[in-house]
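Have a look at the structure below before the remarks.
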Amino acid sequence: MQKTLKIRKFAILATLSLLVIAGCGKKPGQSGKADSKKPMTAVDSAATAAKVPFALKEGKRLFSHYCAVCHGESGDGSGQYYGLTPTPANFTDKAFMKSMSNERLFKAIMEGSASVGKSNMCPPWGKSFQSEELEFIVLYIRTLAAK
Ligand code: HEC
């Protein structure tokens, strides 16, 4: 119980700081449609992420090193561990990514796919990364469906 709460808190914090990073990219006074109440789409956040090249570069590096073996270099789920059942999530699938909140992504990554009611094929990564690194990975993953 304690642990779940802690992780929850962390996920919220992580998401908040993600929003802060996103906010920094905006010019003051620029309050066009993108800032309205509409939920952020993968495309929006990809555009935002493009403004934070360091985070993206780091995210890409970590993703290539730790995740691409299953999820594929391009994130489409076609890593070299072919034949995994179920297949690794496809981060280039716009509909799938749209259906995934940042909280959900953080939880799945930190606690593994089993924690979100899926198979146990995606291991928990929460202890492998600093919170900042996890944010970088999520930012990077969010850009993959935009291409
Ligand atoms: C051993 C292979 C493997 C590695 C390495 C791996 N994944 Fe996965 N991942 C999977 C599989 C398989 C699924 C699909 C699980 C399912 O649908 O039951 C998945 C699913 C996911 C999902 C979607 C979970 C959901 O809610 O549907 C996310 C997000 C994810 N992985 C992120 C990552 C990240 C980030 C890394 C690297 C830090 C990573 N994975 C490394 C195999 C892997």
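Only one of VAL138, VAL116 is free of Cβ contacts under 8 Å to residues at least 60 places away in the same chain and hydrophobic (A, V, I, L, M, F, W, C); which? Of VAL138, VAL116, the one residue that is free of Cβ contacts under 8 Å to residues at least 60 places away in the same chain and hydrophobic (A, V, I, L, M, F, W, C) is VAL116.
With a cut-off of at least 3 residues that are out of contact with any Lys or Arg (no Cβ under 9 Å at 6 or more places or on another chain) and near the ligand (Cβ under 7 Å from one of its atoms), name the helices (runs of 4 or more DSSP H) lying wholly within region 65-147. Reasoning before the result, please.
Values: elements: 68-71, 94-99, 102-111, 131-144.
Here the list reads 68-71.
Name the residue that is farthest from PHE54 (Cα to Cα), counting only residues in region 95-113 that are touching a residue at least 60 places away in the same chain (Cβ under 8 Å) and among the hydrophobic types (A, V, I, L, M, F, W, C). Step by step, filter region 95-113, then rank; the result is MET110.
Every number here is computed from the coordinates shown, using simple stated rules; none is lab data. Just so you know, these numbers come straight off a predicted model, no measurement behind them. Using ideal geometry, Cβ is built from the backbone for each residue, glycine included, and neighbour counts are taken over all protein chains shown.
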